[in-house]
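Asks: Following this message is one structure expressed as structure tokens.
What follows is calculated from the coordinates using simple rules that are stated; it is not laboratory data. Just so we're clear, the structure is a prediction, and the values are computed from it rather than from any experiment. Neighbour counts run over all protein chains shown; Cβ positions are idealised from the backbone, glycine included.
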Amino acid sequence: MMTSVERYYVGKEQWESILKDWLFKYHVLAPLKKAGNNHIQFITPDNYQKIIYDEARPVQPLKTFLLPSLEEVSGGFPETGKSFLLLGVKACDLSALPILDRAFGGDYADPFYQSRREKTLIVSSDCGQPWATCFCTLVGGQPYPLKGFDLNLSKVWDGFIIEVGSLKGRNLLDGYDKLLKDLVKEEELALQKMRREVLRKVDRQNHPYYLKRSLTGLLEGQWESEVWDRHASTCVECGACNFACPTCHCYYLDDVTRKEGVKLRGWDACLYSGYAVTAGGGTPRPRLVQRFRNRYYCKLQYLEKNYGQIGCTGCGRCIEGCQGRIDMRKAMHELSKSADPEHE
């Protein structure tokens, strides 16, 4: 367990020297630009110089690599060979990990998830250029990681401040002491300035959606609110918000309709009409508006009660992926207004 903050500064050339070594030791994945967005892709000696470090989170949530959208869960555990190193992970994805770890850990841990989790190294990075849909500060987060990483990178000038977050992270730097140097005051001040500016940007773009009530109390007395009908009216039940969300982890098991003798697990979506259907054909949420409302209660109330934290990290992926143009920030803002008539 780390007992103190350990940070260094590394120049661009020195960092790339470290990274090139890692490419031979690990399966490295990081954001690369594709069709105007950041997508996580495998990194090779041919593309490592194109890694996007300081922009906002990629299209895929972190859960994509720890809990695949479809996998076989019968038979032995998957052979992964070299460990995976996920580079450029953002704070909004890191903050989802405690929920996934609780859901698939504990006394009845899921061996497939745990195997990947233990073999995955996380090198996160600050968000220097948030998207217009990012709203981490609205839900109590911030655009830079504070915990949950093995190493964190903060781009400063023509290099990076590297913060060690775990013993595994410390081990990643073994043998590279000559490439690292202790921080000086100017580098520390530059980091603080950069983080303040990004925080202000995220706060400014989300000011129209500010909440007077706390998130944990936002849904009190809101079960019959007209907000649900208004926003659910454009929902097309595509499930994009569920699949893009870094904390959604509901799944189905299929051992009937596919290859005989093979059990598959795949992502499920609580907005699907068949999600909660029982063996007799009944369902507790037959109407779309009920399923829509349930998702908000799950994110803002149920997960908090069960796991000690809300299930929204403010990544904004649900807003970008929604075919009905539903903005979760706007819905929460309207709930806040209806809960408090004096809210302006």
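Asks: Rounded, prolate or oblate: pick one for segment 110-211, where a ≥ b ≥ c are the square roots of the eigenvalues of its C-alpha gyration tensor, a/c under 1.5 means rounded, and failing that, prolate if a/b is larger than b/c, else oblate. Can you show the working numbers first?
Replies: Values: a/c = 3.14, a/b = 1.24, b/c = 2.53.
Judged from the Cα gyration tensor, segment 110-211 comes out oblate (a/c at least 1.5, b/c at or above a/b).
Asks: Between residue 250 and residues 5 or more places away or on another chain, which pairs have amide H atoms under 5 Å apart, with H built 1.01 Å from N, and which residues are they?
Replies: Answer set, sorted by chain and number: 268.
Asks: With +1 on each Lys and Arg Cβ and -1 on each Asp and Glu Cβ, how big is the dipole of the chain about its Cα centre, in debye rounded to the nearest 20? List each step's numbers first, then the result.
Replies: Details: 47 positive and 43 negative charges, 78 e Å.
Computed about the Cα centre, the dipole is about 380 debye.
Asks: Next question. Which value, in Å to one decimal place, does the Kirkwood hydrodynamic radius take for segment 192-311 when every pair of different Cα atoms is included? Kindly include the intermediate steps, with their values, before the conclusion.
Replies: On the way: mean 1/r = 0.0582 Å⁻¹.
Hydrodynamic radius (Kirkwood, Cα pairs) of segment 192-311 is 17.2 Å.
Asks: Follow-up question, since we're still on this one. Treating the beta-carbon of each Lys and Arg as +1 and of each Asp and Glu as -1, no other charges, what is the dipole magnitude of segment 6-205 about its Cα centre, to the nearest 20 debye? Walk me through the numbers on the way to the answer.
Replies: Values: 28 positive and 27 negative charges, 99 e Å.
For segment 6-205, the charge dipole is close to 480 debye.
Asks: Can you give the calculated 222 nm mean residue ellipticity of the chain, where each DSSP H run of n ≥ 4 adds -39,500 (n - 2.57) and the sum is split over every residue, rounded to the nearest 500 deg cm²/dmol?
Replies: Values: 13 runs with 109 residues, N = 344.
Mean residue ellipticity, 222 nm, calculated: -8500 deg cm²/dmol.
Asks: Counting only trypsin sites (Lys or Arg not before Pro) that sit in a DSSP loop (anything but H, G, I, E, B) with at most 13 other Cβ atoms within 10 Å, what is the longest stretch of the chain containing none of them? Mind dumping the intermediate values first?
Replies: Working: sites that count: 82, 212, 258, 259, 287, 325.
Longest site-free region, per DSSP loop and neighbour criteria: 83-211.
Asks: Test of understanding: what is the full-extension gain from residue 71 to residue 157, defined as 0.36 nm times their sequence separation minus their Cα-Cα distance? Present the calculation step by step, with values, prior to reporting the outcome.
Replies: Values: separation 86, 0.36 × 86 = 30.96 nm, distance 4.21 nm.
Result: 26.7 nm gained on full extension.
Asks: Normalising by the residue count of segment 212-339, find the relative contact order in percent from Cα pairs under 8 Å and 6+ residues apart. Write out the running numbers ahead of the final one.
Replies: Details: 147 pairs, mean separation 46.5, N = 128.
For segment 212-339, the relative contact order is 36 percent.
Asks: Hey, which aspartates and glutamates would be in cross-link range of residue 12, C-alpha to C-alpha under 18 Å, not counting anything within fewer than 8 residues on its own chain?
Replies: Candidates past the 8-residue exclusion: 21, 46, 54, 55, 126, 158, 163, 177, 182, 186, 187, 188.
Asks: For residue 53, what is the net charge nearby, where nearby means another residue's Cβ is under 9 Å from its Cβ and Lys, Arg count +1, Asp, Glu -1?
Replies: On the way: positive: 155; negative: 54, 55, 126.
Its environment carries a net charge of -2.
Asks: Less than 14 Å Cβ to Cβ from residue 189, Lys/Arg counted +1 and Asp/Glu -1: what total charge do the surrounding residues give?
Replies: Numbers: positive: 7, 185, 193, 195, 196; negative: 186, 187, 188, 197.
Summing Lys and Arg as +1 and Asp and Glu as -1 gives +1.
Asks: Let me see the P(r) profile for segment 248-325: every Cα-Cα distance counted, bins of 10 Å, each bin given as a percent of all pairs.
Replies: 16, 39, 33, 13, 0
Asks: Sticking with this structure for a sec: Relative contact order for the chain: what percent, with Cα pairs under 8 Å and sequence separation of 6 or more? Could the numbers behind the result be given before it?
Replies: On the way: 566 pairs, mean separation 71.6, N = 344.
Reported relative contact order: 21 percent.
Asks: Working out 0.36 nm times the residue gap between residue 289 and residue 236, then minus their Cα-Cα distance, what length gain in nm do you get to one decimal?
Replies: 18.0 nm
Asks: Calculate how large, on average over all directions, the projected area of the Cα convex hull of segment 6-205 is; give the answer in nm² to one decimal.
Replies: Working: hull surface 49.4 nm².
Approximately 12.4 nm², given one-decimal rounding.
Asks: Normalise the Debye intensity by I(0) for the chain, one equal point scatterer per Cα, no solvent, then take log10 at q = 0.08, 0.10 Å⁻¹ and round to two decimals.
Replies: Calculated log10 I(q)/I(0) at the listed q: -0.42, -0.66.
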